[in-house]
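The values are calculated or read from the model by the stated rules, or taken from the named source; none is laboratory data. In this text the structure is predicted, and so the values were computed from the model without any measurement. Here the Cβ is made from the backbone with ideal geometry for all residues, glycine too, and neighbour counts use every protein chain on show. Each accessible area value is taken on the protein alone, full model and side chains, heavy atoms only, with ligands, DNA and RNA left out. Shrake-Rupley method; radii C 1.70, N 1.55, O 1.52, S 1.80 Å.
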Amino acid sequence: MSKSKVYQITPFVETANEIDFEEALNPEQRAAVLHDSGPALVLAGAGSGKTRVITYRVAYLINKGISPSRIFLATFTNRAAKEMVRRASSLVGLDLSSLWAGTFHHLSNLLLRKNASFIGYSPSFTILDREDSRELIKNIRNERVKKGDKKGFPRANVLQDIHSFHINTKKNLDEVVLEKYPDFVEMIEVFKVIFQDYQKRKKELNLMDFDDLLYYLDILLDEPRFREMYGNYFLHILVDEYQDTNLLQAEIVQKLGSIHHNIMVVGDEHQSIYSFRGARFQNLLDFLKEYPETKIYTIETNYRSTPEILSLATSIVSSSRFSFKKGLRPVRPESEKPVLAACQDVYQQASFVAQRILELYEEGIPFSEMAVLYRNHFHSMELQMEFIRREIPFTVRSGLRFFEQAHIKDIVSFLKIIQNPKDELAWKRGLKLFSSIGEKTAHQIWEKVRTSSLPLKALGGMEIKREAIRESIREIYEILSRLERSKDSISLMIEELLDSFYAQYLEANYPNWRVRVEDIKQLARYSETFSTLEEFLSELSLMGGARGESMFAREDGEAVILSTVHQAKGLEWKVVFIIWLAENHFPYYKSITSEEIEEERRVFYVAVTRAKDLLYLLYPLTSGSDPHNFLLLKPSPFIDDLDDSSYQEWSIT
C-alpha cells in the first residue's frame, strides 16, 4: 500500500501592495491622502484630481491596516463609488467588496435593512421610485381633496416636491411652502393631512421612498445605542462632493463620525449648484464650526484645462461673496483663448455651432469629445433641428432614463409583487396591463388580495362573473406562479414575462415594440450581476432616483453631447460650446435673489470648467425671426464680469 501524500494548505493572510505615494501624487494631493486622523476638509478645485485623492486615501487607509468593512465612502452616484473602489482595489491588490461605498441612499438602504424593525418596517420593504411615489400621493390627494376643491390645488408632482424639500432640508412645512410656493399658503393644513396619510400608508404597505431612506436613518442614528454602535464601527468616513449635501445628509455624517471624528469631506464651493434640491454649500462652513480642529487641504493644480480657459473661469468667481482662499493652477501649455461671439438670432447660433463642430471633426476631434451646454433643456431645440438637417449625430442627456421608461417599469412591477406582495402600486400597475382590467377592477382585486395572508392563492381562488376579467385573472395567476418558481433567477423571470404576454402587449401598443423588447432583454442581462431579487430591485429603484446616472452604457456610436449644465457636472470634453448666454436665460430669469444669482454664477463656472482645449461662449441678439415672438436680447451680465483679456471676440457673418 503506497504512502499517502500530505498536502498542507498555507494560511492566506491579506497584505496590501506597497504604494509609492511620493511618485503617484503631487505634493498637495499627497498631503491630503496621508492625513493622519481627525476631521479634514479637502477643497479640490475643478479638474484637480479629486477622484484620485479619494481613491488613494482609501488605499492608504487599507495599507495602514484599516479593514475595508470599517470604511464608509459616500458619493453622489453609485457609478463613481464603484469606480473609486475598483481603482483602490487595483492599487492595494485586495478585494474591497466589503467596503461601504455608494450614494447616501444606497448606504442608508443597507443600514436600514439591518434595523428595519426599530422604525416599524419589515426588512423586505420595497423602495418606491419617483413615479410610484407620485402615484401614491395622487391617490391620497384624490381621497382627501373634495371634487369641488381640486381646482387650483397642486398636482401630485408639486406635492411630491414640497414634501421632498421639507424632509431633506429639515425645514418646517409652513416655512417651505411660504418660501417656495407662497400661492399655496392657505392649503398648508390640507398638505399636512395628505403628507401624514402618505407616511402612514407607506408604513402600512412596507414601502419607502428615497427621502425615507435618509429620514429614517437619521431617526435611527438619533437613538443613542445605534449612534454609538455605528459611530464605533466606522473608523473612517469619506464624503465626496460635500458642497452638494443637504442638511439631512450632513447630520448623518456627523452622527456616524461622532465618536472617532475621522471624517474627510471633499468639496468645491464654486461647484455647488443644486440648492433647488435642498443642497447647501454652507455645509462646508458648518463642518468647520462643528469641528474647529479640522485640517484644511487645498488642491489647486488643474490637469484638465488650458491656462486660458482657467483664466476665464477664475474671473467668473473672483467676485463671489463666499469663497475659500484657493484658485486653479494650470500645468498644461498655453493655447487658444476662449471665443466669445454674438449671433444675429438663435438660428445663426445653431448654425455656427453645427458648422464649427463639422470643421473640428474634419480636423480630427471626435464627435464624442464635443459638447453643447445650456441652462435649460428648451435651449437645445433649434440646435437639435440644425443637427438633424446637417446629419450631425448627437445625444440629448435630458430624456427619460432607461429605468424610468414605461415598459421597464411594467416588467419591474411584476418582480416587485414577488418580492413584496403588499406592494399596492405594483399590483395595480401589473393588473391594468390587461385590457379587461381598469382602475376600478384593479382596486377591487387588490382589496381582496391584500386581506389575505397568501395573496397569490387568494388571486387564484377569486370568483368573478365577467368572463373576460376571469380569464385575465387566471392568466395573471399563472404568470405569477411561474415567476415564484423561477425567483432564484431574475433573468429567467424577466424572460418568462416577455414570453408569457408582454411581448404581445408591446406589439399591440407601441410602434417601436422591437426596440422595447431589446431593452427588456438588456435588463435581463443586467440582472444577472445580482444575486438576489431584493438586491436587484433595491439597486434599480435607487438608480431611478439618482439624477443623471445611467444604469449601463449603450453602444450608440460617435455623438455630440447636448446637455444642461447641471447634468454635465463632473464630465469633461475637448471642446465645449455654451449657448444662450443672454440676459434672463443665463442666469435664468427666475433667479432674482442675490443667493440665487450667486448660484447661477457657479453654474456658469461649472460649464466653463468642463472644457479641456477649446471653449466657445455664444449669445443670440434676438430670440428669432417670428414677428409675433420677437425679442431683443442683451448679453448675460456674467459676460460683463469677465476679464476682457481672458477671451477673443469673433464676428459671425
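Things worth noting here:
- Region 24-74 versus region 519-533: alpha-carbon centroid distance in Å: 34
- The Rg/Rh ratio for region 361-427 is 1.24, where Rg is the radius of gyration of the alpha carbons and Rh is the Kirkwood radius.
- With all protein chains modelled, accessible area of Lys289 [1.4 Å, Å²]: 150
- Point-to-point label distance, Phe153-Asp174, nm (Cα→Cβ direction, 7 Å offset): 2.2
- For the chain, fraction of C-alpha pairs farther apart than 36 Å, in %: 48
- Computed lengthening from Glu23 to Glu467, 0.36 nm per intervening residue step minus Cα-Cα distance: 152.3 nm
- Accessible area per residue in Å² at 1.4 Å probe, computed on the chain: 47
- Surface share of carbon and sulfur [accessible, 1.4 angstrom probe, percent] for the chain: 49
- Residues Glu528 and Lys440, FRET efficiency given R0 of 41 Å [Cβ-Cβ distance, rounded to 0.05]: 0.60
- Selected from Gln567, Leu621, Ile259, residue furthest toward positive end of dipole (the chain; charges at beta carbon): Ile259
- Contour excess over end-to-end distance, with Cα ends at Glu223 and Arg277 and 0.36 nm allotted per residue: 16.7 nm
- Within the chain, percent of DSSP bridges classed antiparallel, to nearest 5: 10
- In terms of accessible area, using a 1.4 Å probe and ignoring ligands and nucleic acids, Lys337, Lys465 rank largest first as Lys465, Lys337.
- Cβ-placed point charges (K, R +1; D, E -1), dipole of the chain about Cα centre in debye, nearest 20: 2060
- Modelled spin-label separation between Glu83 and Arg201, with each label point placed 7 Å from Cα along the Cα-to-Cβ direction: 3.9 nm.
- Efficiency of FRET between Phe324 and Val193 - r from beta-carbon atoms, R0 60 angstrom, step 0.05: 0.85
- Of Lys171/Lys203; Lys200/Lys521; Lys64/Lys295; Lys325/Lys634; Lys465/Lys487; Lys295/Lys612, pairs whose Cα-Cα distance is over 28 Å: Lys200/Lys521; Lys325/Lys634; Lys465/Lys487; Lys295/Lys612
- Taking all protein chains as shown and a probe of 1.4 angstrom, Asp174 keeps an accessible surface of around 60 Å².
- Considering only Cα atoms, the convex hull volume of region 311-425 works out to 263 Å³ per residue.
- Applying 1/(1 + (r/R0)^6) with R0 = 22 Å to the Cβ-Cβ distance of Ser335 and Asp643 gives a FRET efficiency near 0.80.
- The chain - mean residue ellipticity at 222 nm from DSSP helices (-39,500 (n - 2.57) per run, n ≥ 4, rounded to 500): -14500 deg cm²/dmol
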